[in-house]
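*Asks:* For reference, the structure I am asking about is given below.
Just so you know, all these numbers are worked out from the coordinates, no wet-lab data involved. Worth saying up front: this structure is predicted, and the values here are computed from it rather than measured. Note: ideal-geometry Cβ built from the backbone for every residue, glycine included; neighbour counts use all protein chains shown.
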């Protein structure tokens, strides 16, 4: 490494967030620019450890120490090249990844981990600014046609890799724009959508064909699809949300989180929402049920709407402030995480069981809950028990269900194709990402269930290798 004592000489420094008063009045990204000089100093903290555990912490196996060294030396072209060996979209992961790599950083054993995610984002942005990220054209055309269905991170990664391998790739998206969860689920204050558009332009310049507003299996039949393409890749995501079937669920004002977030994202990029379909938190007492990232996004969005009050409840116990002994380094730690949205004004409650909704004139007005106690049984699995005399009532006008996703939508495409599903309802694939139907592959959340963006990118890249190998009848040029 360029500075072998950097991890001892330099403390971690992060970019500053914009003030709460400023950021809750717009949909722009949260952080102030971080000077490159400071970023290079931060890169010097990478200690060139004997075994870089950050590699295994990162699903994509990014070559992190090498790019840190290039950044410290100001060698941006090399940093950009090394980063793109393993990750098609570092500008996405550099903004929204939870930074599994940092949890495995050796420097983090006795101090604060290297600011890997911020360095990753900076390499991508410098790459674009310096003209270092350009279309990568295939060496030859294969004449094979591939349909990639679903344009989330897995679909985008698979489509780009297969295009670069020389195949004629068409990326199908049922919505009006490309991006999937990146476009419609993640708020602009975490990922402004011009970031997606910029990368999409590169992909189309490489030869990718994009067809939006096409619901494959409905607008385009499976027979037409199979007749027109040599291979099919399913990357439609896990879209079936987990519901909360308790009394009063039918009341108005209770919505799935993704319906709420999708509508707001569409509103930001100019889609006019019919008044009768609007889901607004303005002036309301909002309850978010579910403590994950999607729930946090609902909190931040509700606050920007002008909610009167935002409460987030979680079934599970409050995590410990520091790393739990059950998840020792270098594992991803079980511990309390407070997002920037939480810091904007949110009441959080744990160990809460929702029992019933109440309403007037068909609209939700409140929820009845009870507190829980978790105990371990002989088999070691935690069991929940209701705490005696702990029932309570919350007044709410808007309820957002953010409890995760179960599996992909089965009607339409999957039923028409006849692919086998696993016990959880996801598309069953073998070690080569092929489904039970010859020539039909699947990757991302559609095959694995709900996961992280970097895991979806990884799945798309690996599935592309299998598709390329299958089409060539041998070794893939992708790896």
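*Asks:* Report Rg(Cα)/(2.2 N^0.38 Å) for the chain, keeping two decimals. It would help to have the intermediate numbers written out before the result.
*Replies:* Working: Rg = 23.3 Å, N = 479, 2.2 N^0.38 = 23.0 Å.
Here the Cα radius of gyration is 1.02 times the empirical estimate.
*Asks:* Quick one: if you stick a label point 7 Å off each Cα along the C-beta vector at residue 17 and residue 219, how many nm between them?
*Replies:* 3.8 nm
*Asks:* What's the percent breakdown of Cα-Cα distances in the stretch 5-84 across 10 Å bins, shortest bin first?
*Replies:* Here the calculated profile for the stretch 5-84 is 17, 36, 31, 15, 1.
*Asks:* Got a sec? How would 396, 467, 214, 419 order by Cβ neighbour count within 10 Å, fewest to most?
*Replies:* Result, fewest neighbours first: 214, 419, 396, 467.
*Asks:* Once a ≥ b ≥ c are taken as the square roots of the eigenvalues of the Cα gyration tensor of the stretch 185-258, is the result rounded (a/c under 1.5), prolate (a/b larger than b/c) or oblate (a/b not larger than b/c)?
*Replies:* oblate
*Asks:* Neighbouring Cβ atoms within 10 Å as the yardstick, rank 8, 384 fewest first.
*Replies:* Placing the least packed residue first, the sequence is 8, 384.
*Asks:* Ok, one more. As an exercise, use a Förster radius of 51 Å and the Cβ-Cβ distance of residue 349 and residue 205 to find the FRET efficiency, rounded to the nearest 0.05.
*Replies:* Efficiency for this residue pair is about 0.55.
*Asks:* To continue, here is another question. Given axes a ≥ b ≥ c from the Cα gyration tensor, I'd like to know whether the stretch 243-403 is rounded (a/c under 1.5), prolate (a/b larger than b/c) or oblate.
*Replies:* Because a/c hits 1.5 or more and a/b fails to exceed b/c, the stretch 243-403 counts as oblate.
*Asks:* Quick one: work out the % antiparallel among DSSP beta bridges in the chain, nearest 5.
*Replies:* Taking every DSSP beta bridge with both residues in the chain, the antiparallel ones total about 40 percent.
*Asks:* Hey, another quick one. So, in nm, how far is label residue 387 from label residue 5 when the simple model puts each one 7 Å beyond its Cα toward the Cβ?
*Replies:* Once both label points are built, they end up 5.2 nm from each other.
*Asks:* Also, quick follow-up: Give me the number: length gained by fully extending residue 109 to residue 406, i.e. 0.36 nm times residue separation minus the C-alpha to C-alpha distance, one decimal in nm.
*Replies:* 103.4 nm
*Asks:* Also, I was wondering about something else. If R0 is 60 Å, what FRET efficiency do you get for residue 73 and residue 361 from their C-beta distance, rounded to 0.05?
*Replies:* Numbers: r = 67 Å, r/R0 = 1.11.
After rounding to 0.05, the efficiency reads 0.35.
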